[in-house]
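Derivation of every value follows stated rules applied to the coordinates shown; laboratory data play no part. Being a predicted model, the structure only gives us computed values, none of them experimental.
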Amino acid sequence: MADRMKLGRIDTSKPVCVGIGWNYLGVSVSKGVSPKQIAIVDYLCLATEPYLCVNECSSCGARYFDRRNACANCGLHEFSQVRIANSAILKAFSIVHNAAPGIQVPFVSAIVETQDGTSVRANIVDLDDPMKVELGMRLGLTTYVCGIDNEGTECVAFGYTPVT
Ligand SMILES: [Zn+2]
């Protein structure tokens, strides 16, 4: 039980991302982000400059976007939240030509590697021509509105876009 209590432990010396803006021990502080936006996943932080955050194993450094009871690499139980780099390179991709109704095709489904070595599954967006993606191309994190509910609240998703 003592080990379980360590899960999700909050380091009070650092702000912790919980979806929108920053959260200081449960008190949400918006950083220039519209309160009418929510992130599509918990690990997308909608700060002034959006970023992704991971749960990093305190022992071996393995990183996970979802919450884990134990590290799949070393088996230990302690994690801390870490902001990952927004710059990345394209490591693998697939150009998708068939998708559910309403989804524009073709689009590029990819695995990118951030500058600090984190693998991220995401789409490559804002491409002039999806057929011209290349392995190793330089990318940056970007966000976009992927849906709006009846009350006008925007759902914000992330992807990576080419940078020069
Ligand atoms: Zn580990």
Going by a ≥ b ≥ c, the root eigenvalues of the Cα gyration tensor, does region 31-164 fall in the rounded group (a/c under 1.5), the prolate group (a/b larger than b/c) or the oblate group?
oblate
For region 87-162, rounded, prolate or oblate, judged on the Cα gyration tensor with a ≥ b ≥ c (square roots of eigenvalues), a/c < 1.5 rounded, else prolate if a/b > b/c?
oblate
